[in-house]
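A.B. asks: This is the structure I have questions about; it appears just below.
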Amino acid sequence: MKIKAPVKRSVKATTDRNNAGLTSKDFVSGQEIRWCPGCGDYSILKQMQTVLPQIGVDKKDIVFVSGIGCSSRFPYYLDTFGMHSIHGRATAIASGLKATRQELSVWVVTGDGDGLSIGGNHMAHLLRRNFDINVLLFNNEIYGLTKGQYSPTSKQDSITKSTPLGSLDHPFNPSAFALGSDGTFVARAMDRDPKHLQEMLKRSYDHKGTSFLEIYQNCNIFNDGAFFSFTEKDVKKQNTLFVEHGKPMIFGAEDDCGIRLDGTRPEVVEITEEVSPEDLWIHDENDPIKANILIRMESVYPGGNFPRPFGVFYAERRPRYEELLEEQIVGAIAGQGTGDLDALIAGNETWTIKE
Amino acid sequence: MNQVLEEKQNVVIKFAGDSGDGMQLVGTQFTNNTASVGHDLGTFPDFPAEIRAPQGTLPGVSGFQIHFGSTEVYTPGDLCDVLVAMNAAALKSNLSNVRKGGILILNTAGFDARNIKLSGYETNPLDDSELSTYLVYKIDITKLTREALIDIEMGVRDKDRSKNMFVLGFIYWLYNRNPENTIGFIERKFKNKQNVRDANIKALKAGYNYGDITEAFSSRFKVKPARMVSGTYRSITGNPALALGLIAAAQKTGLQLFYGTYPITPASDVLHELAKHKNFSVKTFQAEDEIAAICSTIGVAFGGNLGVTGTSGPGVALKSEAMGLAVMLELPLIILNIQRAGPSTGLPTKTEQSDLLQAVYGRNGECPMPVIAASTPSSCFEVAYQAVKIAIEHMTPIMVLSDGYIANGAEPWKFPKAADLHDINVSIVKSKESEEKFMPYLRDENLVRKWALPGTEGLEHRIGGLEKEEITGNVSYDPDNHQKMVKTREEKVELISEDIPEQTVDSGKDHGKVLVLGWGSTFGSIKSAVKELIDEKYEVSHAHITYIKPFPKNLGNLLKRFEVILIPEINNGQLIRLIRDKYLMDAVGYHKIKGTPITKNELKEEVLKIYPKE
């Protein structure tokens, strides 16, 4: 199999990354945290505070924008610039900010309801435009802040407050949504794997373009255990697949299973003497077609015993919207010269009335 | 032959035809020509919502009315002196607006059996005695255009598209004009389409020569240049004037102008105009919907630049939650509402002033926002500029009201010099001022908070839509704090009245029997009506409100100096409610809700109806 070279990441040198000796504590805002005790959001906040001193951006240049929902309280707890906006619109607000302040590191914190239901439209358009914005979508498959209605990612037949007989809606697959919107970076992590989450947060930052990072987050009040089969020690290895670029897809309690690609059809195989890791599907995060197979294999082939994938599914370099916007202006000035206000106001045809 | 050159003071011409007949182009070309010879003028383009409504039908009629003269012109005119009708439907829908004895120029090719049937006439009006009270000229414009283009190799359909230029050429002849500016326009527009260019120029000249050589026309008309205030003028319509005002404000402040919008009639031309001026570092953003449009500008404002969104009433409805956010965040933001007839989709291409209460009150919660209204096409420049000044100096979103009539109407504009524009005071916090933690909701004497931008060290802070504690801006559910913040936000907006000009009287004395109080696009009609009434020795005055929220400080006292206040509006009574509410005074309304402007004559009648008897 031919493997393309990995996307060249524009990671700054490690010395640059050391943010004036700041530590995670410097990113604690001091506002009292109001999430329920035991909420998965605490872990995500902690990993974010751990990663921020490492990415090499001045604290003053970091902005977190959120919408409405439990996850959207996130900016209040980080000592950066932040805006807690209105339901579903953080993506649109962040787009305007990035369009006019390219140098800022802009992060959007959203949830499955905020980002995929009321804000689904803006999410799709942010992804296709490819502003350099990092989207963290906390997926808990439930509406928490409104106290327990089903969400656009809840499994069909979910029994919730608003669906006592079970939900009828077919759920969104957030990664498929992002790929379908021509997102240039699509990844998944979970609250209960801090190390991997930190790695994914860094990758999200490093990507130049819109990063879509779905983070499984346990809502221990309204949907406790929704992801336990992927997060709990005894079953995690069997049910999850952590993909890495250029590496074969191996999973299982003893790393004894793998995924093999037969044409476009994936299959779970045991690693034996006859099937070596080299025969397995080697993950290529630059391949959009295979990324689609990867994130849809469970739903397309039910009963195939596929594990749930995590990691970076897809990454692509594409010009960023804010770059193109700036280029147009530079081009216009080069072509027409810097605008002359008096000439503009006067227009092409004037006449003079004398005393 | 020698035709008589008759002198006229004021003339109203209407060009009417199918929406594909190019009447809007004829109108704008004639307007530019009229402006360049120094007449005062007003125009009213009136077109269907459909891009190409069924040909030959009444809904498909597109019209352009222009009023010009040697005296001051404030409206597009009530009754037409000349109607050009390209087909039967155009005649039928406009005849009632032609003065008796007026000129009808009728394209006979548009009066065949099919056109007559589609327009709803039972018999051919060309043969009807109904037209005997007019001066009728029947010209087969279609045939004459085809004949003029006989040497040009193009299809008949394409040739027929030049018949509007024949009409324009003829009108140029009739009003003794030089058509050079239009020839120049055609040459520029079709520089890469030689055939089309030649066809249009030939048709234009053919129309002009037709007037010259045909003996049917006994007189031509001459209108002297208007006695206008000395200075340099240009012609302008409302939407480009808004765009220029915004660019001027951005240049003056040194802020980047970002226009986030979603296409909607009749606001889209603001976007089209701004998109042409990227060399002024203008960023335009066609968002996925109205909500994203305003939200993107909130992000821009948070970043310290000039965020502007523009729409019409239905779009304002969609943006209202985000406007509430901007009120809470206390960030500067401009929302343009180019009103159209509602409710819902309403009459998208027809004018109305029915979003005033929406502008003042249309948000959830106690959500005060300043409102400022343009009254004529050229006033849009100043209003947009002032809106930016208020938004930035008072850290608030502000709504600018215009409407379809102002947006598309043209008038001469004695434009200002950039150097003469007022200063706009932008006070962005440059750096952390003390060791204390930065307090985002600390206010100055005008209750204005500071604009603190991402990228400034030590100013890291969070703002949001939840109620905030005074000074710190932290989330607060404290009952007393909420009451205080609600009152503070209201007072902050009311304090703007300290910075805006006092209300003046436009025509007439500052006291008397009747004050006609208007706002928005009724300006021209009210001014014309009141001037005539004053000439007729009535004690009538006219005041026009630009600043609606808050009202100018002296407005209440001014109103008390008149016996009767008449408030004409193109709505079911909105300003009148605000006036009654604020000043507890009676006022008489006149409400026209037909999607068309109020005319001067209607208004005169209305004033006389309520004029106090001795």
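The values are calculated or read from the model by the stated rules, or taken from the named source; none is laboratory data. Owing to the predicted nature of the structure, the values given are computational and were not obtained by experimental measurement. Here the Cβ positions follow ideal geometry from the backbone for every residue, glycine too, while neighbour counts run over all protein chains shown.
A.B. asks: Residue B:438 passes all but one of (1) touching a residue at least 40 places away in the same chain (Cβ under 8 Å); (2) within 14 Å of another protein chain (Cβ to nearest Cβ); (3) aromatic (Phe, Trp, Tyr); which number fails?
C.D. replies: Among (1) touching a residue at least 40 places away in the same chain (Cβ under 8 Å); (2) within 14 Å of another protein chain (Cβ to nearest Cβ); (3) aromatic (Phe, Trp, Tyr), residue B:438 violates only (1).
A.B. asks: Which of (1) among the polar types (S, T, N, Q); (2) within 30 Å of residue B:366 (Cβ to Cβ); (3) at pLDDT 95 or above does residue B:456 not meet, given it meets every other one?
C.D. replies: Only one criterion in (1) among the polar types (S, T, N, Q); (2) within 30 Å of residue B:366 (Cβ to Cβ); (3) at pLDDT 95 or above is unmet by residue B:456, namely (2).
A.B. asks: Against the conditions (1) in a helix (DSSP H, G or I); (2) more than 15 Å from residue B:34 (Cα to Cα), where does residue B:150 fall short? Just the number, please.
C.D. replies: (1)
A.B. asks: Same structure again: Would you check if there is a residue in the range A:296-308 being within 14 Å of chain B (Cβ to nearest Cβ), charged (D, E, K, R) and outside any loop (DSSP other than H, G, I, E, B)?
C.D. replies: no
A.B. asks: Among the strands (runs of 3 or more DSSP E) contained in the range B:273-391, which hold 2 or more residues that are closer than 28 Å to residue B:486 by Cα and of a type in the set (A, V, I, L, M)?
C.D. replies: Result: B:306-311, B:333-339, B:371-373.
A.B. asks: Can you pull out the helices (runs of 4 or more DSSP H) entirely within the range A:186-243 that have at least 3 residues that are among the hydrophobic types (A, V, I, L, M, F, W, C)?
C.D. replies: It comes to A:194-206.
A.B. asks: Name the residues in the range B:230-268 that are away from chain A (no Cβ under 12 Å), closer than 30 Å to residue B:40 by Cα and in a loop (DSSP other than H, G, I, E, B), would you?
C.D. replies: Across the range B:230-268, the qualifying residues are B:265, B:266, B:267.
A.B. asks: Is it the case that some residue within the range A:270-284 is farther than 30 Å from residue B:252 by Cβ, in contact with a Phe, Trp or Tyr (Cβ under 6 Å, 6 or more places away or on another chain), at pLDDT 95 or above and away from chain B (no Cβ under 14 Å)?
C.D. replies: Looking through the range A:270-284, none of the residues is farther than 30 Å from residue B:252 by Cβ, in contact with a Phe, Trp or Tyr (Cβ under 6 Å, 6 or more places away or on another chain), at pLDDT 95 or above and away from chain B (no Cβ under 14 Å).
Here's the yes/no breakdown for (1) of a type outside the set (Asp, Glu); (2) away from chain A (no Cβ under 14 Å):
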| site | (1), (2) |
| --- | --- |
| B:398 | yes, yes |
| B:403 | no, yes |
| B:430 | yes, no |
| B:452 | yes, no |
| B:458 | yes, no |
| B:484 | yes, yes |
| B:496 | yes, yes |
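A.B. asks: Got a number for residues in the range B:460-474 being within 11 Å of another protein chain (Cβ to nearest Cβ) and touching a Phe, Trp or Tyr at 6+ places or on another chain (Cβ under 7 Å)?
C.D. replies: Number satisfying all stated conditions: 6.
A.B. asks: Can you work out which of the residues in the range A:46-77 that are away from chain B (no Cβ under 14 Å) and surrounded by fewer than 20 Cβ atoms within 10 Å (Cβ to Cβ) is nearest to residue A:150 (Cα to Cα)?
C.D. replies: Only one residue fits best here, namely A:46.
A.B. asks: Evaluate the following for residue B:468: is it touching a residue at least 60 places away in the same chain (Cβ under 8 Å), surrounded by 14 or more Cβ atoms within 10 Å (Cβ to Cβ), of a type in the set (Lys, Arg) and touching a strand residue (DSSP E or B) at 6+ places or on another chain (Cβ under 8 Å)?
C.D. replies: For residue B:468, the condition - touching a residue at least 60 places away in the same chain (Cβ under 8 Å), surrounded by 14 or more Cβ atoms within 10 Å (Cβ to Cβ), of a type in the set (Lys, Arg) and touching a strand residue (DSSP E or B) at 6+ places or on another chain (Cβ under 8 Å) - is met.
A.B. asks: Sticking with this structure for a sec: Out of everything in the range A:325-355 that is of a type in the set (D, E, K, R) and over 20 Å from residue B:184 (Cβ atoms), what residue ends up being farthest from the other protein chains (Cβ to nearest Cβ)?
C.D. replies: Top of the filtered list is A:327.
A.B. asks: Shifting gears a bit: Scan the range A:16-37 and report the pairs whose first residue is more than 13 Å from chain B (Cβ to nearest Cβ) and exposed (fewer than 15 other Cβ atoms within 10 Å of the Cβ) and whose second residue is modelled with pLDDT of 85 or more and not in a loop (DSSP other than H, G, I, E, B), with Cβ atoms within less than 6 Å and a gap of 6+ or a chain change.
C.D. replies: The qualifying pairs are A:17/A:54; A:23/A:53.
A.B. asks: Looking for something touching a residue at least 40 places away in the same chain (Cβ under 8 Å), buried (at least 18 other Cβ atoms within 10 Å of the Cβ) and within 13 Å of chain A (Cβ to nearest Cβ) - is there at least one such residue anywhere in the range B:419-427?
C.D. replies: yes
A.B. asks: Residue under question is residue B:287, and the condition is that it be touching a His at 6+ places or on another chain (Cβ under 8 Å) and within 23 Å of residue A:95 (Cα to Cα); does it hold?
C.D. replies: For residue B:287, the condition - touching a His at 6+ places or on another chain (Cβ under 8 Å) and within 23 Å of residue A:95 (Cα to Cα) - is met.
A.B. asks: Scan B:79, B:58, B:83 and give me the residue that is under 22 Å from the mean Cα position of the chain (by Cα), within 28 Å of residue B:348 (Cβ to Cβ) and in contact (Cβ under 8 Å) with a residue 40 or more places away in the chain.
C.D. replies: B:79
A.B. asks: Search the range B:285-319 for residues being more than 26 Å from residue B:393 (Cα to Cα) and within 8 Å of chain A (Cβ to nearest Cβ), and hand back the single one that is surrounded by the most Cβ atoms within 10 Å (Cβ to Cβ).
C.D. replies: Only one residue tops the list, namely B:287.
A.B. asks: Turning to a different aspect of this structure: Condition first: surrounded by fewer than 13 Cβ atoms within 10 Å (Cβ to Cβ), over 28 Å from residue A:199 (Cα atoms) and not hydrophobic (A, V, I, L, M, F, W, C). Can you find one or more residues in the range A:289-301 that meet it?
C.D. replies: No, every residue in the range A:289-301 fails to be surrounded by fewer than 13 Cβ atoms within 10 Å (Cβ to Cβ), over 28 Å from residue A:199 (Cα atoms) and not hydrophobic (A, V, I, L, M, F, W, C).
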